[in-house]
Amino acid sequence: MRILSGIQPSGELHIGNYLGAIKNWIKLQNDSKNECWFFVADYHSITENYDPKEKPKEILDLTADLLSLGLDPEKSVIFQQSQIPGHTDLTWIFNTITPLGELERMTQYKDKAASQKQNINVGLFDYPVLMAADILIYKSEAVPVGEDQVQHLELTRETARRFNDRFGKVFPEPKPLLTETPRIMSLIDPTKKMSKSGGEKSYIAISDSPETIQEKIKTAVSDTGGGKDKRGGYNLLEIFNAFAETKEEKSDYSNYKRYHEEGTLKYAEFKPALANLIANYFADYRKKRAELSGNPDYVKKVLADGAQKASAVAAKTLQEVKQKLGLII
Ligand code: ADP
Ligand code: TRP
């Protein structure tokens, strides 16, 4: 299966990104039946407020993070979106077959427009069309993402269908691949998804030190309303379950879950255990990441090699598309 996914270089990677998407990228990559493409969505990231001086570092840091978590350039094509002009070429073509009304319905657009009222740019509106182009230019069949991206994937399928119906079959209709934890909630407001935009206390960054993780988990919202609203507790338990790997950790999880149901869970015991579990899980990552920090040339080389492979495939699809549209003279 041809797998593709992307992530924006903006802010720190958090455990929601990891559990909802990146963990799955690595699993899929390590199955030799798949052909995997992963990229840094820098063009998407400039639809939000940003500092151009910080952007190169954000792109390199994110790539180094992905490599340290286990993405392997020997197994996957890893590249930077803006280095492949075909993505934006195909976006323009898709723009001409996308009804305005469908983009107006996108919830991420509505949320982001509300949170950056001074910067409701056309790119923010067109974001899902660029995403459809990212996916379809490689004729990808499956896209591992978190739940918040499912609506964009529906638009992608719709775009593929519309194109194929009008011009003849070129594209597959890619499906989303979700993990068992497609929506991790914020640590300080369990009614909202964990997100960079929620502020540092709302998430655990994968690069947080063990001390920071302890602090953040300590202040995380658990059960509220005298134990009536258990959403915070469920979220913490879900995180524990997702990081539990050994038999012992899994059996600890079953016990904590039972205590929580019975209303006897001692957070003074559970929370430090959860923080420990997360900190240990990322110990190997922290080591590899420290090594890569001193080697930006290697990271740049990975992206340059990836761009070469991606460009060839993207150019081929674009040619096919232009032919169908009657643009080749
Ligand atoms: P953020 O909302 O923090 O800016 P991104 O939009 O960069 O996150 O998301 C990158 C990937 O991580 C996407 O596949 C997205 O669906 C996934 N993701 C983001 N937040 C969560 C979450 N809270 N739970 C599960 N997956 C998530
Ligand atoms: N919009 C995605 C996010 O915010 C990032 C993204 C851009 C993406 N293009 C993509 C994900 C193509 C999957 C496929 O997380």
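Would you mind telling me which residue in 153, 265, 67 has the biggest mean-square fluctuation in a Gaussian network model of the chain, where springs connect alpha carbons within a distance under 10 angstrom?
Highest fluctuation among the options: 265.
How many percent of DSSP beta bridges within the chain run antiparallel, rounded to 5? Provide the component values of the computation, followed by the final result.
Numbers: 3 of 18 bridges.
Restricted to the chain, the bridges split so that about 15 percent are antiparallel.
In whole angstrom, how far apart do the alpha carbon centroids of segment 1-72 and segment 244-308 sit?
17 Å
Tell me, what ³J(HN,Hα) does each residue in segment 177-187 have, in order and in whole Hz, if you take phi through Karplus 6.51 cos²θ - 1.76 cosθ + 1.60 with θ = phi - 60° and put x for Gly and Pro?
Each residue of segment 177-187 in turn: 10, 9, 8, 6, 10, x, 8, 7, 8, 4, 6 Hz.
Can you list the HN-Hα couplings for segment 226-232, worked out from phi with the Karplus curve (6.51, -1.76, 1.60; θ = phi - 60°), rounded to whole Hz and with x for Gly and Pro?
Each residue of segment 226-232 in turn: x, x, 6, 9, 9, 5, x Hz.
Leaving ligands, DNA and RNA out of it, report the carbon-plus-sulfur percent of the accessible area of segment 199-278 at a 1.4 Å probe.
The C+S portion of the solvent-accessible surface of segment 199-278 is 48 percent.
Rounded to the nearest 0.05, what FRET efficiency do residue 268 and residue 105 have when you use their Cβ-Cβ distance and R0 = 41 Å?
Values: r = 46 Å, r/R0 = 1.11.
Efficiency, from the Cβ-Cβ distance: 0.35.
Starting from the Cα-Cα distance between residue 323 and residue 120, subtract it from 0.36 nm times their residue separation and give me the gain in nm to one decimal.
Working: separation 203, 0.36 × 203 = 73.08 nm, distance 3.45 nm.
That works out to 69.6 nm of additional length.
Keeping the other protein chains in place, figure out the carbon and sulfur percent of the accessible area of segment 66-154, with a 1.4 Å probe.
Values: 1930 of 3650 Å².
Looking at segment 66-154 in its full context, I get 53 percent from C and S.
Which three semi-axes in whole Å describe the equivalent ellipsoid of the chain, each the square root of 5 times a Cα gyration tensor eigenvalue, listed largest first? Before the final figure, lay out the partial values.
On the way: eigenvalues 270, 99, 69 Å².
The answer is 37, 22, 19 Å, longest axis first.
Determine the per residue accessible area of the chain with all protein chains present and a 1.4 angstrom probe, expressed in square angstrom. List each step's numbers first, then the result.
Working: 16130 Å² over 329 residues.
Per-residue accessible area for the chain comes out at 49 Å².
So, in segment 207-281, how many Lys pairs have Cα atoms under 24 Å apart, if the pair is 8 or more places apart or on different chains?
26
Please build a GNM for the chain, connecting alpha carbons under 10 Å apart, and tell me which residue among 268, 283, 310 fluctuates the most.
For the chain, modelled as a Gaussian network with Cα springs under 10 Å, the answer is 268.
To test your reading of the geometry: what angle, between 0 and 90 degrees and rounded to tens, separates the Cα axis of helix 283-293 from the longest principal axis of the chain?
Between the helix axis and the principal axis of the chain, the angle is about 50 degrees.
When the convex hull of the C-alpha atoms of segment 176-261 is computed, what volume per residue in Å³ does it have?
Working: hull volume 10.9 nm³, N = 86.
Considering the Cα atoms of segment 176-261, their hull volume per residue is 126 Å³.
Need one number: nm distance between label points at residue 287 and residue 308, each 7 Å from Cα along Cα→Cβ, rounded to one decimal.
Taking the two extended label points, one gets 3.2 nm.
Using label points projected 7 Å from each Cα along Cα→Cβ, tell me how many nm separate residue 231 and residue 201, to one decimal.
For residue 231 paired with residue 201, the spin-label model returns 1.8 nm.
Divide by every residue of the chain the summed helix terms, -39500 (n - 2.57) for each DSSP H run of at least 4, and state the resulting mean residue ellipticity at 222 nm, rounded to the nearest 500 deg cm²/dmol.
Details: 14 runs with 177 residues, N = 329.
It lands at -17000 deg cm²/dmol.
Which of 23/196; 169/300; 175/300 have a Cα-Cα distance over 25 Å? It would help to have the intermediate numbers written out before the result.
On the way: 23/196 18 Å; 169/300 36 Å; 175/300 31 Å.
Listed pairs above 25 Å: 169/300; 175/300.
Which of 240, 277, 221 sits farthest toward the positive end of the charge dipole of segment 207-281, with +1 on the Cβ of Lys and Arg and -1 on the Cβ of Asp and Glu?
Of 240, 277, 221, it is 221.
Could you list which residues have their amide H under 5 Å from that of residue 6, counting only those 5 or more apart in sequence or on another chain, with H placed in the peptide plane?
Amide H to amide H, under 5 Å and 5 or more residues apart or across chains, residue 6 pairs with 39.
At 7 Å along Cα-to-Cβ for each site, give me the label-to-label distance between residue 218 and residue 2 in nm.
Distance between label points: 5.1 nm.
The values are calculated or read from the model by the stated rules, or taken from the named source; none is laboratory data. Please read all numbers here as calculations on a predicted model, not as lab measurements. Positions of Cβ are backbone-derived with ideal geometry, glycine not excepted, and every protein chain shown enters the neighbour counts. Protein only, heavy atoms only, side chains kept; ligands, DNA and RNA dropped before computing areas. Shrake-Rupley method; radii C 1.70, N 1.55, O 1.52, S 1.80 Å.
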